[in-house]
Amino acid sequence: MGVVASDEKSTTKISDKIIDGNFVNVANLDQIVIGRLMAQSLMGNPYGKNRARAGMEVELINHLGWSQRYTIGGVADAKSFIPNWLVILSKEQLEKLDPSQKDSEIAVKLKNPRDGAYVKSLIKQKNPNLNVYIWNEQAGYVNDMIGAVSFMTNLVNILVIIIVFVLVSIIIFINILQKKRQIGVLKSMGIDNKFVFRIYLSETMIYLAFSWIIGFLIFLVVHLYLLNYPMPTLIGDFHTVINWQTAALSIAALFGAAIAGTIIPAILAAKIKIVDVIRDNV
Amino acid sequence: MTEELEIPKPQNQGEDIIDVKKPDDFESFDDERKIRWYIRQCRKVQMRDEDIIKRFLRLGWSADAVLEALKTTGGYKDSIIIGINEVTKKFTTDVYDQIVLKGITLDIHEGEFVAVTGRSGSGKSTLLNLIGLLDEPTSGNIIIDGKDTTSFGESEKVNFRLRSVAFIFQFFNLIENYNAVDNIAFQIQLQGGSRGEAHKRAMEILDFLNLKDRALFYPSKLSGGEQQRLAIGRAIAKDARIILADEPTSHLDTKNAEMILTLLRDINIKMGKTIVLVTHEPDYAKKADRTILLSDGLAVSVEN
């Protein structure tokens, strides 16, 4: 109720994802459709190259020990963890295997997700025999998985920013140590501290520009490869996405880290005393 | 010289003369040195060159010899460009305090070529660093071109180093990743010159220094003498009135050292620059108009 598949964002119609055979149809009720990972696991390795094919026979056994033989009518690849482990069969066959599946399920989409608990209690009041669940009570682990991935991604981002800060600081500092005498000579020629500071800031900007361009090009190559050959993982096939907002944020964060890493060494360079460095033959 | 040259009172072309103390070793000077000394004294009292020539001609000198001497004698001006007043410099270390300069007072006139000499550790380079505002005196003040530099803020010091003083260092201190012409052009561009103008002027200076064929060479490919000439070129490019040379010949052989000193003398005469040369070689110091001898933190000025 309130759900129109064509209006939803990021939905997958499994019947459109058949890679072998056909989807379930009323003419062949003893045929099932299985997900790719399930098909591969039937051959011994869910991530192996071999999979069960359309036309093969399988036996389904439920938790009560009831079993039924079926023919694989088709194999689907939804590029995602849950659908690729599914077994899809007609409702009549499902009810044979699991009597509790005789009940219908109604999905209700709310305009405001925060109304979930309230709507649940309303439905229960009017229909005490109904089992009512909010979606994350049934599949809350999806949020947990997304949260875990986000946490790891953010952690990696923070580490990268710290690494950039430290690396830039070290590079600029070493550069200054090697150029100490030259800085002293330039100051004796009449350049001021701001000029020295600007030299190192410009150097950092150049490193930043080149490293971002090279990094983006490497990402682009990996991205195009993964789009064509996604990496299979436990939770589904993985590929990168280009999000320009994220890219802009990453430039800003790296820019900030690089500038921060440059400030202290550049200030030290600007404060070099001329008389201390120009006398020695380095 | 067979007769003493009489030096008239300032701006008085009459017969009254002033008694000028000659250097103690004046009698050991050769004729050329004597005549140059006399010329400097005449210029100090603002005697015109034509009047100087007349006086020497009366003594039997040839016009060519006098003209040659006039050409090779520094352009002394009456105004004091560097005034050092009771300057003391103390260096403080963890172990002890060392007083290098003890209340030095001396004046350097515009257009003079002054040598500062003394034993190692006598404070020659320290004095130069103070004049060039690379360091600060512990007490006393240094007046340059009428301004008390000891009260300068950082921006004024930077401006002074940019426009008023040029340095020539012992170890050349050229910019290694710039070629010869760019080393000079960079100085001009720092002072606001355009790239085109800077390169043109730099080539002119290299030509003056006989380094035009080395214009595209990097410092590492130049000999010691060539590098020091290039450093002098950079100093000329700045068009500063004061040139401070800190032992510019100490890492050169005799021939190149003589060449550098001759070049500095040429710059003093032809361009009217005030040159302060630090050297520990008494023979090189004699090339200057005057020698300031530093000993035990004190300064003694001796006419050459």
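Quick look at the values:
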read-out: Two-decimal log10 I(q)/I(0) for chain A, as the Debye equation yields it once each C-alpha is a single scatterer, q = 0.13 Å⁻¹; value: -1.04
read-out: Positive-end extreme of charge dipole, chain A - chosen from A:Thr153, A:Tyr133, A:Ile172 (charges on Cβ); value: A:Ile172
read-out: Lysines with Cα under 26 Å of A:Lys49, excluding same-chain neighbours fewer than 8 positions away; value: A:Lys13, A:Lys17, A:Lys79
read-out: Within the stretch A:1-85, GluC sites (Glu not before Pro) in DSSP loop having at most 15 other beta-carbon neighbours inside 10 Å; value: A:Glu8
read-out: For the stretch B:164-304, convex hull volume per residue from C-alpha positions, Å³; value: 112
read-out: Modelled FRET efficiency - R0 60 Å, A:Leu64 with A:Ile259, Cβ distances, 0.05 increments; value: 0.35
read-out: Modelled FRET efficiency - R0 56 Å, B:Phe91 with A:Met152, Cβ distances, 0.05 increments; value: 0.45
read-out: Relative contact order of chain A, pairs being alpha-carbon contacts under 8 Å that are 6 or more residues apart, as %; value: 18
read-out: Folded to 0 to 90 degrees: helix A:244-270 orientation relative to chain A principal axis, Cα; value: 20
read-out: Inter-label distance for A:Ile218 and A:Tyr133, nm, one decimal - labels placed 7 Å from Cα along Cα-to-Cβ; value: 4.3
read-out: Spread of Cα-to-Cα distances over 10 Å intervals beginning at zero, given as percent, for the stretch A:100-201; value: 11, 22, 14, 11, 10, 10, 11, 8, 3, 0
read-out: The protein assembly as shown - share of DSSP beta bridges that are antiparallel (%, nearest 5); value: 60
read-out: Sites B:Ser151 and A:Lys271 - FRET efficiency at Förster radius 30 Å, r taken between beta-carbons, to 0.05; value: 0.90
read-out: Acute angle (nearest 10 degrees) that the helix A:135-178 long axis makes with the longest principal axis of chain A, alpha-carbon atoms; value: 20
read-out: A:Arg198, B:Arg234, B:Arg43, B:Arg195 arranged by Cβ crowding within 10 Å, fewest neighbours leading; value: B:Arg195, A:Arg198, B:Arg43, B:Arg234
read-out: At least 24 Å along the helix axis (C-alpha) and Kyte average at least 0.0, DSSP helices within chain B; value: B:254-271
read-out: Coordinate range along principal axes, alpha carbons of the stretch A:1-146, Å, largest first; value: 47, 32, 28
read-out: With Cα atoms, 0 to 90° folded angle of helix A:180-189 axis to chain A main axis; value: 50
read-out: All-pairs Cα distance distribution in the protein assembly as shown, expressed in whole percent, bin size 10 Å; value: 3, 12, 16, 14, 10, 7, 6, 7, 7, 7, 5, 3, 2, 1, 0
read-out: Mean separation of Cα contacts under 8 Å, 6 or more apart, over the residue count of chain B: relative contact order %; value: 21
read-out: The stretch A:1-130 - percent relative contact order, Cα under 8 Å, separation 6 or more; value: 29
read-out: Spatial extent of the stretch B:242-304: Rg and Dmax, with the Cα atoms as the point set, Å; value: 11.8, 35
read-out: In the stretch B:55-154, chymotrypsin sites (Phe, Trp or Tyr not before Pro) in a DSSP loop with at most 16 other beta-carbon atoms within 10 Å; value: B:Tyr96
read-out: Projected area averaged over orientations for the stretch A:158-254, convex hull of C-alpha atoms, nm²; value: 8.4
read-out: Computed P(r) (all Cα pairs; chain B; 10 Å bins; percent); value: 6, 25, 31, 25, 11, 2, 0
read-out: Chymotrypsin sites (Phe, Trp or Tyr not before Pro) within the stretch A:1-108: DSSP coil, no more than 13 neighbouring Cβ in 10 Å; value: A:Tyr47, A:Trp66
read-out: Radius of gyration and maximum dimension Dmax of the stretch B:61-216, Cα, Å; value: 19.4, 63
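Read the figures in this text as sums done on the coordinates, not as results from a lab. Model, not experiment: these values are computed from the prediction. When we count neighbours, we look across all protein chains shown, and the Cβ atoms used for this are built from the backbone with ideal geometry, even at glycine.
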